[in-house]
Amino acid sequence: MADTISRARQAKSLDRVVIRFAGDSGDGMQLAGDRFTTSSAIYGNDLSTLPDFPAEIRAPAGTVAGVSAFQVHFSDHDIFTPGDHPDVLVAMNPAALKAHARDLEPGAAVLLNSDSFDERSLQKAGYTSDPRGDGSLAGLKVYEVPMTSLTLEAVKPSGTKARDAERSKNFFALGLVSWMYSRPMEPTLEWVAKRFANNEMVREANTLACKAGWNFGETAEIFESVYEVRPAQLPPGTYTNISGNTALAWGIIAAGQLAKLPVFLGSYPITPASDVLHELSKHKNFGVRTFQAEDEIAGVSAALGAAYGGALGVTTTSGPGLDLKAEAIGLAISLELPLVVFDIQRGGPSTGLPTKTEQADLLHAIYGRHGEAPLPVVAPITPGDCFYTAIEAARLALKYRTPVIVLSDGYLANGAEPWPVPEVESLPDLSAEFSFASTPNKVEPDGSEVFWPYLRDPETLARPWAVPGTPGLMHRLGGLEKSDGAGNVSYDPVNHDLMVRLRAQKVAGIVADIPPIEVDDPTGDAELLVLGWGSTYGAICAAARAVRASGAKVAHAQLRHLNPFPANLGDVVRAYKRVLVPEVNLGQLRKLVRAEFLVDAQGLNQVSGLPFRRVDVQEAIISQLMALGTEGR
Amino acid sequence: MTDLATPVTTRKDWSSDQEVRWCPGCGDYSILTAVQLLMPELGAKREDTVFVSGIGCSSRFPYYMNTYGVHSIHGRAPALATGLAVARPDLHVWVITGDGDALSIGGNHLLHALRRNVNLTIILFNNQIYGLTKGQYSPTSEPGKVTKSTPLGSLDHPYNPVSLALGAEASFVARTHDLDRKHMMETFRRAYEHRGAALVEVYQNCNVFNDGAFDAITSKDNRPSMLIPLEHGKPVRFGANGEKGVVIDGHGSAVIVDVDQVGEDNLLVHDETVGDPTLAFSLSRLSEGPNSPTPIGVFRDVERPDYGTLVQSQLVDAAARKGPGDLGALLRSGTTWTVA
């Protein structure tokens, strides 16, 4: 196996492959998928991943509810999605097969751990007959491999007890799949050596299991051929594999560095946002203070308190937490202090689907507070884009002294892609976007100099940010309405009307500070525009590419700024005969587009807890194009 | 902040230009006066002082102080103040709150600020009623209280704020009342000087919705027989002629006795610094409400590292161990590969 090139069988070349690893929650499928992804990334493929796991930490073993899966799509060209249908399903037990077989198309391969197909396991999975013999897998290429027993045999030299030894079977599967797709093994073995440096037995067992999986493929003549997916032609540069949550965390660390402000994160653990808290907690040497608060409200309130003190205040959450934070976000709007809110959207309402993705918090983010309480809303479009979106959110928050909501989602949070690592010098200097007030800003009629906390910058309408500790600028803020300029409590009707309008104008005025939306319309004469926002970017790109490959024309634009909209959005949507808005909700952006621009936008809406597949969007585009064709006649 | 000399200020320097708008006769006035008179004595700097409040009558307090201040949202003052105090350990952060704000809607945050020992001076105005919403019962109202929302009497069992704070292992807990400026100022001073979370319960009269709630213990005539002064290192003793005292009984409970009967030497000698909060807690249980002899003064004052300092030291340690943050290195800290 040292020489991964000289193969007994000639490798067949493929342009892209989708593999799904599925097993029990405790089977280590996320780890196997993650290692396979890293090997593929180092090999030079483009890739996209989709972890899919249950909300329960350990659902009953062997049941369909407890199945955890990881899908990876890798290719020799640039790709946008984790793939619609797996080409290969690795099923570690009957429940994994039961849960995922329906996603397989004829011709797909299934790699079964045949040791796990005993009567009891079949029963637990809800099978009344063994699917291997009842014709239900017809049309699929089924490979039965006794993974458990082969692993137990392989790891014997490590001295591991049988119960522990069995846990290495994910590495056996990884070795076998690596062999099938000509993946280099070295990165995985190096990782195992490092990860288990202090546990010789586990290190040895995993190494042996991984090699055994590879060697099984090589030796057992049950596979007709091996495959190869050549490296993709990615733009030159240094790459790393990054998930959306890691990118958000790194983005806010970067924002703190670029703004020369200490970062303060106030957060309460919630799926799928907790990893941002975990990641930021690792980087205290950047001066990042992470505060695991007693609840969601305390998390955002503490972040706001820190912002009052001159920190870059951040809070992270998901839907239920955003509900709870609404009042404090309203206070931030009234105090006009910078605050960054990460909402990693998940299926709702209520507890909903904690580990599944959805885009249904859009209207909540834009409108979900009492009173007239506008704030900027931005959404990353890929895992790597989460990094830049965090920086952009911090920029807007600092410059305009406003809370900003970032709408990521479960799909971006846990999905990963190769990410060109930016040079630090190329990132924006946020310290140039704001400054702390240091001197009085108003001369009273008697000639005395005073500080007016609500005397706005005439251009941005931002109020001065005077942090405690600054002599001479003592002032009081509060949630009660303030008088324009002086900032004292005011119940004056005319003043309230003015302040409501000023706060709205300030946020609306950000439109001059954000880029126009770019439209991808290669021929320039498409009649259909597909308008997406946030994480649907990949699926829409892939669908548009497929549609164009068949000779049809379609334009695509993806929104990153949801409030305010880019200045040219109205012109863009009015320029097309039809506008299709795919969303993982029941039509929230579509409602906004119709309300703002009086355009009869059409929706493609899915709320299954899963991201769009390419084919879903592609079919919707085709049916819209057909409708246009009919109208034309 | 560069001026290291103790600033010389007067009450006027600490008063904002805003008209004070509590009801005439409200106990809040005397608390405000006590704080404004105390600040010059403390040698505090206005720019390094922040008053954070929630919602309620008492929470208007920051508007009247010529310092930095935030009038935040209902119940969340301890949470907002925690973020500020942790981000800025150089500031002195006060929390002004009431019985509804601190113990009802914001009960959770108060407990956590106390247990974490965040460096906050918390003044809890307890008037046993909801004033700003015009007279509903509060979590400290006595059982059976008839209010607009409890025409047949309240069924709620009340909190004892001092017991609650001691239960959360607050490192400083005290009680005072709005009719004794000297005692208030001395108690606030002690709280101010305590590093960590300090909670002071102030019995405060709401002359509109709950007038006279504390008369039984705080009126001039009643004080000697109804207030039990807690003084560190001294026997716990009260009464016009010191005829009453407190001992610890066989079950560890504090009980009131006649000094004649037990002997002076057997009285409990108050020790604020006992690490275990049990003794202070038993003192807090001497009275169920403000109508029987009630201890006032400092129940507990123990040293414990404050949260903001601990957070800061983790940052310093991490920087010493890993070196100061290097963004370029962070972005390359995972597995990387180069495409030529």
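FYI, it's all coordinate maths here, none of it is from the lab. None of the values given here were measured: they were computed from a predicted structure. Counting neighbours? That spans all protein chains shown, and the Cβs are built from the backbone with ideal geometry, glycine included.
Work out, in µm²/s and without decimals, the Stokes-Einstein translational diffusion coefficient of segment A:294-393 at 37 °C, 0.692 mPa s, Rh from Kirkwood over C-alpha pairs.
After rounding, the answer is 234 µm²/s.
Run the numbers for A:Arg58 and A:Thr128: contour at 0.36 nm per residue of separation, minus the present Cα-Cα distance, in nm.
Full extension from A:Arg58 to A:Thr128 adds 22.8 nm.
How about A:Lys282: which lysines have a C-alpha closer than 24 Å to its C-alpha, ignoring those fewer than 8 places off in the same chain?
A:Lys194, A:Lys260, B:Lys322
Placing unit charges on C-beta atoms (Lys and Arg positive, Asp and Glu negative, everything else neutral), compute the dipole magnitude of segment B:209-259 about its Cα centre in debye, rounded to 20.
With only Lys, Arg, Asp and Glu charged at Cβ, the dipole is about 180 debye.
Calculate the dipole size of segment B:191-340 relative to its Cα centre from +1 charges on Lys and Arg beta carbons and -1 charges on Asp and Glu beta carbons; express the result in debye to the nearest 20.
Computed about the Cα centre, the dipole is about 860 debye.
Once the dipole of segment A:519-632 is set up with Lys and Arg at +1 and Asp and Glu at -1 on Cβ about the Cα centre, which of A:Val554, A:Gln618, A:Leu580 lies farthest towards its positive end?
Farthest towards the positive end: A:Gln618.
In whole percent, what relative contact order does segment A:437-513 give with Cα contacts below 8 Å and a gap of six or more residues?
Taking the mean separation of contacting Cα pairs over the length of segment A:437-513, I get 25 percent.
Scan around A:Gly348 for amide H atoms under 5 Å from its own, H built in the peptide plane at 1.01 Å from N, and keep only partners 5 or more places away or cross-chain.
For A:Gly348, whose amide H was placed from the backbone, the distant partners under 5 Å are A:Leu353.
With an 8 Å Cα cut-off and a minimum separation of 6 or more residues, compute the relative contact order for segment A:11-229 in percent.
23 percent
Would you please give the residues with an amide H less than 5 Å from that of B:Asn207, counting only those at least 5 places away or on a separate chain, with H modeled from the backbone geometry?
Counting only residues 5 or more places away or on other chains, the set is B:Gly27.
Can you give me the angle between helix A:186-195 and the longest principal axis of chain A, using Cα atoms only, in degrees from 0 to 90, rounded to the nearest 10?
Helix A:186-195 and the main axis of chain A meet at about 70 degrees.
Quick one: what do you get for segment B:1-146 if you divide its Cα Rg by 2.2 N^0.38 Å?
Its radius of gyration relative to the 2.2 N^0.38 Å reference: 1.07.
From the square roots a ≥ b ≥ c of the eigenvalues of the alpha-carbon gyration tensor of segment B:141-226, which class results: rounded (a/c under 1.5), prolate (a/b over b/c), or oblate?
Oblate, since a/c reaches 1.5 and b/c is not below a/b.
What's the exposure ranking of A:Asp87, B:Asp249, going from fewest to most Cβ atoms within 10 Å?
With the fewest neighbours first, A:Asp87, B:Asp249 line up as B:Asp249, A:Asp87.
About the Cα centre of the protein assembly as shown, what is the dipole size in debye to 20, counting +1 per Lys and Arg Cβ and -1 per Asp and Glu Cβ, all else neutral?
700 debye
Can you spot the lysines whose alpha carbon is less than 17 Å from B:Lys244's alpha carbon? Ignore those fewer than 8 places along the same chain.
Filter leaves B:Lys234.
What value in Å³ per residue do you get for the convex hull of the alpha-carbon atoms in chain B?
Convex hull of Cα atoms, per residue: 208 Å³.
When Lys and Arg each count +1 and Asp and Glu each count -1, what net charge do the other residues less than 15 Å away from A:Asn199, Cβ to Cβ, add up to?
+2
Rounded to a whole number of µm²/s, how large is the Stokes-Einstein D of segment A:474-633 at 25 °C and 0.890 mPa s, given Rh as the Kirkwood radius over C-alpha pairs?
Estimated diffusion coefficient is 137 µm²/s.
So what are the three principal axis dimensions of segment A:178-253 from its Cα atoms, in whole Å, longest to shortest?
The principal-axis extents, from largest down, are 50, 38, 19 Å.
Return the whole-Å distance between the Cα centroid of segment B:173-248 and the Cα centroid of segment A:540-569.
70 Å
Give me the net charge for the shell around A:Ser608: Cβ to Cβ below 14 angstrom, other residues only, Lys and Arg +1, Asp and Glu -1.
-3
Calculated from DSSP H runs of 4 or more alone, at -39500 (n - 2.57) each and per residue, what is the 222 nm mean residue ellipticity of chain B, nearest 500?
-8000 deg cm²/dmol
Over chain A, calculate the relative contact order: mean separation of alpha carbon pairs under 8 Å at least 6 apart, over the residue count, as a percent.
Relative contact order, chain A: 11 percent.
Can you pull the mean other chain C-beta count within 10 Å for peptide A:414-423?
2
Counting DSSP beta bridges in the protein assembly as shown, what percent are antiparallel, to the nearest 5?
Expressed as a percentage, antiparallel bridges in the protein assembly as shown total about 35.
Once Lys and Arg get +1 and Asp and Glu get -1 on their Cβ, which of A:Gly309, B:Thr6, A:Leu265 lies farthest toward the positive end of the dipole of the protein assembly as shown?
A:Leu265
Only sites in a loop by DSSP and with at most 11 other Cβ atoms within 10 Å count here; which trypsin sites (Lys or Arg not before Pro) in segment A:18-126 make the cut?
Those that pass, being in a loop and sparsely packed, are A:Arg58.
Would you mind giving the mean number of other chain beta-carbons within 10 Å of the Cβ of each residue in A:308-315, as a whole number?
The per-residue average across the peptide is 5.
In Å and on Cα atoms, what radius of gyration and Dmax does segment A:370-459 show?
So, for segment A:370-459, Rg and Dmax equal 18.8, 63 Å respectively.
Around B:Gly289, with a cut-off of 12 angstrom between Cβ atoms, what is the net charge of the other residues, counting Lys and Arg +1 and Asp and Glu -1?
Here the count lands on 0.
Which is the longest run of chain B containing none of the GluC sites (Glu not before Pro) found in DSSP loop states (not H, G, I, E, B) with at most 16 other C-beta atoms within 10 Å?
B:20-230
Let me confirm one metric for peptide A:476-488, namely the mean number of other chain beta-carbon atoms within 10 Å of its residues' beta-carbons.
Shielding by partners across A:476-488 averages 4.
Setting aside same-chain residues fewer than 8 positions from A:Lys12, which lysines have a Cα under 20 Å from its Cα?
Cα-Cα hits under 20 Å: A:Lys141.
Helix B:77-87: angle to the longest alpha-carbon principal axis of chain B, degrees 0 to 90, nearest 10?
40 degrees
Using the Karplus curve 6.51 cos²θ - 1.76 cosθ + 1.60 with θ = phi - 60°, work out ³J(HN,Hα) for each residue of segment A:493-506 in order, rounded to whole Hz, and write x for Gly and Pro.
Values, residue by residue: x, 5, 5, 4, 4, 5, 5, 4, 5, 5, 5, 5, 4, 4 Hz.
Just the Cα atoms of segment A:11-229: what Rg and Dmax do they give in Å?
Rg, Dmax (Cα atoms, Å): 16.3, 47.
Roughly what % of Cα-Cα distances in segment A:171-309 sit above 21 Å, to the whole percent?
Result for the distance tail: 63 percent.
Averaged over every viewing direction, what's the projected area of the C-alpha convex hull for the protein assembly as shown? Give it in nm², one decimal, please.
Approximately 48.9 nm², given one-decimal rounding.
Taking just the alpha carbons, could you work out the radius of gyration and Dmax for segment A:437-513, both in angstroms?
When restricted to the Cα atoms of segment A:437-513, Rg and Dmax are 13.3, 40 Å.
What fraction of the DSSP beta bridges in segment A:240-433 is antiparallel, stated in percent and rounded to the nearest 5?
In segment A:240-433, approximately 20 percent of DSSP beta bridges are antiparallel ones.
Using all alpha carbons of segment A:101-176, what is the percent of pairwise distances in each 5 Å bin, ordered from the shortest bin to the longest?
All Cα pairs considered, the percentages come to 3, 14, 21, 20, 18, 13, 7, 4, 0.
For helix A:537-549, what angle does its Cα long axis make with the longest principal axis of chain A, in degrees from 0 to 90 and rounded to 10?
60 degrees
For segment B:79-143, build the charge dipole from Cβ charges (+1 Lys, Arg; -1 Asp, Glu) around the Cα centre, then report which of B:His109, B:Leu91, B:Thr140 sits farthest towards its positive end.
Value: B:Leu91.
Which value at 222 nm does chain A reach when only helices count, each DSSP H run of 4 or more adding -39,500 (n - 2.57), with the total divided by all residues and rounded to the nearest 500 deg cm²/dmol?
Helix contribution divided over all residues of chain A: -11000 deg cm²/dmol.
Send over the Kirkwood Rh of segment A:240-433, from the inverse of the averaged 1/r over different Cα pairs, rounded to one decimal Å.
Over segment A:240-433, the inverse of the mean reciprocal pair distance is 15.9 Å.
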